[in-house]
Amino acid sequence: MSEKSRTITWTDPRPQAAAARTMSGVDYLRAILKGELPGAPIAAHLDMGFVSVEPGDVVFTAVPDESHYNPIGSVHGGFYATLLDSVCGCAVHSTLPAGQAYTSLEIKVSFLRPITVDTGTVTAHGWVTKPGSRAAFAEGDIRDADGRLLATASSACAVFPV
């Protein structure tokens with residue numbers, strides 16, 4: 001067995017969370033995309049980053065590695081779920097005005113194909129199916145570089161003032 005290690009670096013999320021309260025969701029997420037604000041700490045764990053942000057529509061990429069593996073030799077379902085929860089939540093966030101926030105209420109993930117390190121970079125797409133002032137709904141999927149569907153999700157988020 002060869003031991004491996006990975007160093008994860010992130011920025012304290014509290015200052016950026018304060019900024020989020022003063023900006024519309026789409027402006028906040030675009031500031032992260034442009035590098036004007038740091039990404040969420042969870043993004044460092046999945047090597048996850050924004051590709052595009054539009055109102056109600058967000059795309060990320062993520063790079064699976066062996067540190068994401070389960071004991072049977074493929075990427076753990078938590079990688080899929082975290083990526084889909086993030087992209088669906090950000091799609092909802094992109095529809096919110098300043099002073100509004102969201103949190104996930106539930107997510108349903110369907111695992112369609114395994115992900116391994118050989119899969120390479122995956123792309124997650126999230127889109128809002130029903131925006132709302134108290135609850136919002138989104139769907140998402142993960143695809144490989146050839147466009148093959150790896151997983152899908154549906155998500156419900158609570159929306160509230162901050």
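The values are calculated or read from the model by the stated rules, or taken from the named source; none is laboratory data. Just so we're clear, the structure is a prediction, and the values are computed from it rather than from any experiment. Counting neighbours? That spans all protein chains shown, and the Cβs are built from the backbone with ideal geometry, glycine included. When the accessible area is computed, the model is the full protein with side chains, heavy atoms only, and any ligands, DNA or RNA have been set aside. Shrake-Rupley method; radii C 1.70, N 1.55, O 1.52, S 1.80 Å.
Rounded to the nearest 20 debye, the dipole magnitude of the range 1-134 is 360 debye, with +1 charges on Lys and Arg beta carbons, -1 on Asp and Glu beta carbons, and the Cα centre as origin.
Annotation: average projected area of the range 39-83 is 3.4 square nanometres, based on the convex hull of Cα atoms across all directions.
Here the ratio of the Cα radius of gyration of the range 95-143 to 2.2 N^0.38 Å is 1.49.
What Kirkwood hydrodynamic radius do you get for the chain when you take the inverse of the mean 1/r over all pairs of distinct Cα atoms, in Å?
16.1 Å
Considering only alpha-carbon pairs that sit under 8 angstrom and 6 or more positions apart, the relative contact order computed for the chain is 23 percent. Taking θ as phi - 60° and the Karplus parameters 6.51, -1.76 and 1.60, the scalar couplings of the range 95-109 work out to 9, 8, x, 4, x, 10, 9, 9, 8, 5, 9, 7, 9, 10, 10 Hz in sequence order, x denoting glycine and proline.
Entry comment: accessible area of the chain is 53 Å² per residue, from protein heavy atoms only and a probe of 1.4 Å.
To put it simply, the accessible area of the chain at a 1.4 Å probe is 55 percent carbon and sulfur. Sparsely packed loop sites in the range 125-162 (the trypsin sites (Lys or Arg not before Pro) outside DSSP H, G, I, E and B with at most 12 other Cβ atoms within 10 Å) comprise R134, R148. With both labels modelled 7 Å from their Cα along Cα-to-Cβ, the A81 to E3 distance reads 2.9 nm. Each listed q (0.13, 0.26 Å⁻¹) maps to a log10 I(q)/I(0) for the range 1-54, found by the Debye formula over equal Cα scatterers with no solvent: -0.38, -1.10.
Can you tell me the orientation of helix 77-93 relative to the chain, as the angle in degrees between its alpha-carbon axis and the longest Cα principal axis, to the nearest 10? Tilt of helix 77-93: around 20 degrees. Dipole of the chain computed with +1 at Lys/Arg Cβ and -1 at Asp/Glu Cβ about the Cα centre; of A62, V92, M1, farthest Cα towards the positive end is V92. Quarter the surface of the alpha carbon convex hull of the range 73-162 and you get the mean projected area, 5.8 square nanometres. Phi angles of the range 147-159 translate, via the Karplus equation with coefficients 6.51, -1.76, 1.60 and θ = phi - 60°, into HN-Hα couplings of x, 5, 6, 9, 6, 10, 8, 10, 9, 10, 10, 7, 10 Hz per residue; Gly and Pro are given as x. Estimated from the Cβ-Cβ distance and a Förster radius of 25 angstrom, the FRET efficiency linking A135 and A17 is about 0.70.
Computing Rg and the Kirkwood Rh from the Cα coordinates of the range 57-115 gives a ratio, Rg/Rh, of 1.06. A straight chain from K34 to T103 at 0.36 nm per residue would run longer than the Cα-Cα distance by 22.5 nm.
Restricting the calculation to Cα atoms, the range 22-101 shows an Rg/Rh of 1.03 when the hydrodynamic-style radius is the Kirkwood one. In plain terms, the chain from D47 to R148 could stretch by 34.3 nm, reckoned as 0.36 nm per residue minus the Cα-Cα distance. Sorting the segments 17-27, 84-94 by their mean number of nearby beta carbons within 10 angstrom, highest to lowest, gives 84-94, 17-27.
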